[in-house]
Every structure is written in C-alpha cells, then in structure tokens.
Amino acid sequence: MGKVTISTLGKKKAEGEKFVCITAYDATFARVIAEAGAETILVGDSLGMVLQGHDSTIPVTVEHMRYHTECVCRAATDALVIADMPFMSYTTPEQTMANATALMQAGAQMVKMEGGTWLSDTISMLVERGIPVCAHLGLTPQSVNTFGGFKVQGRTPKEAKSILADAVEIQDAGASLLVLECIPSHLAADISRKLDIPVIGIGAGPGTDAQVLVMHDLLGLSEHTARFVHNFMEGQNTIQGGLKAFVEAVKAGEYPREEHSYT
Ligand code: KIV
C-alpha cells in the first residue's frame, strides 16, 4: 500500500474508493489493524471507556493520549495515525499548540478535535503551523453532558442545517478530514457529497467516504453497543479474521446497511 497520507485519502475519495479507520491504543493491535488493510488508525479518547472503564471520554488527559499514541505509532507501519485531543485540551491557542505538538511528537500524523464553527481559528492556526486536523461533528462524545446523553444529532432541520454549515466552515478553515458520528444517513451523505475533504462516518450510514469503528465494538467485546455496531467476529476464528472482515465489508459497500443507520 505504501505510507498513507492525506493525499492518498483525497485520491480515494475522488475515485469513489471507500477507506477504513479502526481505533487502536497499543502496538500489537496497531500492527494487526494495519496488516488487515485499514488505511487509518485512530488513537481515540474512547480509550477512557474501553481501556479505563469510565462511562465517558471526559476523564482522559493529554498524557494518556500521548502515551497510547507513542505505543500505536511504534507499530502502525503504513497506516496514517490520528490522535484525539482530549476534553478541554484545546481551549486556548497556547494550550492547543502545546498539546497538539505533544501528540505529533509522539508520532501521530494528524490530530482530531470535536467541534464546528467555533474551532475555525484553532484549525487554521494548527494547519498553518504544519499540524493536519481531523474535525468531528454530530454526536461529539466530549459534549455528552450538554446533549443529555449519547443521542443521535441532526434530526431536526435546524440541527441538520447547523451541522452542514459547521462542516463547510471547518473545511474552509483547513481541516483535512471530518468524522461524522450518529447523524441521519441522508444528512451524512449530503455533507460527504458537498465537501471536497474525505468524510469518515460512524453511525452515519453508508454514504460517507470511509467508516470508523471502535475496535472493541467490532470485535464483539463491548458490553453495550449502539444500533450501528456489527460484531465482525461472527463466523471468524481469529481477531485478524474479524478485523479483515470489517475492512472488506466497508470496501465492498456491505457495511453499514440500513439496519445500522439512523433516519
Ligand atoms: O474516540 C474515538 O474512538 C472516536 C471515534 C468513536 C470516532 O472519536
């Protein structure tokens, strides 16, 4: 495959070829995920839930993210590694620069931040200084307390309009990728068509340019899973088989299906 860059992902979008992202938090899983053919690995702050046992991502710190990013980057081979900026780590320009620098120096090729229009200046500042940004809209888990729970977003015309406007603005600010989480399929497909940058969906239906799942969810290890999760270990004898089944299903357009999507 060769080292995956933002140009590789842009070319895939232009050619209508789906790509895959899977979360990883350590070297062994980073290696097997890259070997399974996932183009991108997300060191997600979901580690607060699946590794640390919290009920949200809010307790995760920059030091946790830096440590796990280093572990993943030692073994991610050709995959592009995106590291999450955790809760409240991007509130002022100085703090944002210092924290994004720490994750890039741990080996990430891009940082991810949750938010829309209000992040425009932050995104421009990072991109101008050489730090690519993946934005994250829809159900942004760091705002779980503002949403009153992990709830599908963008169902009313007002919310949908606001998510679309945010997506356009973060692209204009210089973001290289966008994650859309738990929004209706038609809205995610519309945003993916309107944007030039690749859009990665999770619980956002089949119309995005790529799909991401939390590794523990797709391997059937999580206690509670959302409607959009499928257990890719079904019919597989090995973890490598389960990861490959997810990669192949996304690339073939067989996942997600209607039953995994929101209206
Ligand atoms: O932290 C994470 O794993 C994420 C994905 C759910 C997109 O942000």
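Results, tabulated for the structure shown:
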quantity: Pair T28, E258: separation of 7 Å Cα→Cβ label points (nm); calculated: 4.1 nm
quantity: Kirkwood-type radius of segment 1-155, with distances r between different C-alpha atoms, in Å; calculated: 16.0 Å
quantity: Of K12/K161; K194/K244; K161/K194; K112/K251; K12/K194, those spanning more than 19 Å from alpha-carbon to alpha-carbon; calculated: K12/K161; K194/K244; K112/K251
quantity: HN-Hα J in Hz across segment 155-170 - Karplus 6.51, -1.76, 1.60, θ = phi - 60°, x for Gly and Pro; calculated: 7, 8, x, 5, 5, 4, 4, 5, 5, 4, 4, 4, 4, 5, 5, 6
quantity: At 1.567 mPa s and 4 °C, Stokes diffusion of segment 1-85 via Kirkwood alpha-carbon radius, µm² per second; calculated: 98 µm²/s
quantity: Share of alpha-carbon pairs per 10 Å distance bin for segment 99-209, given as whole %; calculated: 16, 47, 30, 7, 0
quantity: Structure-based [θ]222 nm, the chain - -39500 (n - 2.57) summed over DSSP H runs of at least 4, per residue, nearest 500; calculated: -11500 deg cm²/dmol
quantity: Whole-Hz couplings from phi, Karplus 6.51/-1.76/1.60, listed for segment 74-81; x for Gly and Pro; calculated: 5, 10, 6, 6, 7, 6, 7, 9
quantity: Rg/Rh (Cα only; Kirkwood hydrodynamic radius) as it applies to segment 49-115; calculated: 0.96
quantity: Estimated distance in nm for a label pair at T238 and R155, the labels positioned 7 Å out from Cα along Cα-to-Cβ; calculated: 4.3 nm
quantity: Gaussian network model of the chain, springs between alpha carbon atoms under 10 Å - residue of P184, P59, P206 with greatest fluctuation; calculated: P59
quantity: FRET efficiency for M1 and Q105, using Cβ-Cβ distance with R0 set to 25 Å, rounded to 0.05; calculated: 0.50
quantity: Label point distance in nm, E128-M88, each placed 7 Å from Cα along Cα→Cβ; calculated: 2.8 nm
quantity: Heavy-atom accessible area per residue - the chain, 1.4 Å, Å²; calculated: 43 Å²
quantity: Kirkwood hydrodynamic radius of the chain, Cα pairs, Å; calculated: 18.0 Å
quantity: Apportionment of accessible area to carbon and sulfur, the chain, percent (1.4 Å); calculated: 52 percent
quantity: Computed Rg/Rh of segment 149-263, alpha carbon atoms with Kirkwood Rh; calculated: 1.00
quantity: Cα-based equivalent ellipsoid, segment 39-82: semi-axes from gyration tensor eigenvalues, Å; calculated: 21, 10, 8
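The values are calculated or read from the model by the stated rules, or taken from the named source; none is laboratory data. Everything numeric in this text was worked out from a predicted model, so none of it was measured. Cβ coordinates were reconstructed from backbone atoms using ideal geometry, including for glycine residues, and neighbour counts include every protein chain displayed. Heads up: the accessible areas ignore ligands, DNA and RNA and are worked out on the full protein's heavy atoms, side chains in. Shrake-Rupley method; radii C 1.70, N 1.55, O 1.52, S 1.80 Å.
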